[in-house]
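Encoded as structure tokens, the structure appears first; notes follow it.
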Amino acid sequence: MDRNDELRAAYLEVVENQLRDNDPPETRKTYDRLCTEGFTENNAKVLIASVIAFETYKIMLTNSSFNRERFVGNLNKLPDQSFEEQ
């Protein structure tokens, strides 16, 4: 397994944890919406993972804390992945 595979697995694990714990609840709402729109369960999770990856990137880049407003806003935009910087 290379680094990309490890990162992908880690982000998907975060998605699984968020879905299991319903925290934040917007992750479950987004997952259900994407599945209703015809995405497979796996593809829905990968899309959500991309939002988590973007938020992680922003936190590391700016040395800031989690921005819930930006995170939820980007979840709501899926499947569009032109994430907002907020």
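The values are calculated or read from the model by the stated rules, or taken from the named source; none is laboratory data. Because the structure is predicted, anything quoted here is derived from the model rather than measured. Cβ: placed from backbone, ideal geometry, glycine included. Neighbour counts: every protein chain shown.
One line per residue, one yes/no per condition, for (1) touching a residue at least 12 places away in the same chain (Cβ under 8 Å); (2) within 21 Å of Asn4 (Cβ to Cβ); (3) out of contact with any helix residue (DSSP H, G or I) (no Cβ under 9 Å at 6 or more places or on another chain):
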| site | (1), (2), (3) |
| --- | --- |
| Thr27 | yes, no, no |
| Tyr31 | yes, no, no |
| Lys45 | yes, yes, no |
| Asn63 | no, no, yes |
Restricting attention to segment 15-52, which residues are of a type in the set (Val, Ile, Thr) and in a loop (DSSP other than H, G, I, E, B)?
Thr40
For segment 1-17, name all the residues that are in contact (Cβ under 8 Å) with a residue 12 or more places away in the chain, within 17 Å of Ala44 (Cβ to Cβ) and either in contact with a strand residue (DSSP E or B) (Cβ under 6 Å, 6 or more places away or on another chain) or not hydroxyl-bearing (Ser, Thr, Tyr) (or both).
Arg8, Leu12, Val14, Val15, Glu16
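So which of Glu84, Glu55 is acidic (Asp, Glu) and not in a helix (DSSP H, G or I)?
Among Glu84, Glu55, only Glu84 is acidic (Asp, Glu) and not in a helix (DSSP H, G or I).
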For Phe71, are the conditions met, namely being at pLDDT 95 or above, outside any helix (DSSP H, G or I) and surrounded by 13 or more Cβ atoms within 10 Å (Cβ to Cβ)?
no
As an exercise: evaluate Phe66 against (1) closer than 17 Å to Phe83 by Cα; (2) assigned to a helix (DSSP H, G or I) and give the number of the one condition it does not meet.
(2)
Against the condition aromatic (Phe, Trp, Tyr) and at pLDDT 95 or above, how does Phe39 come out, does it pass?
yes
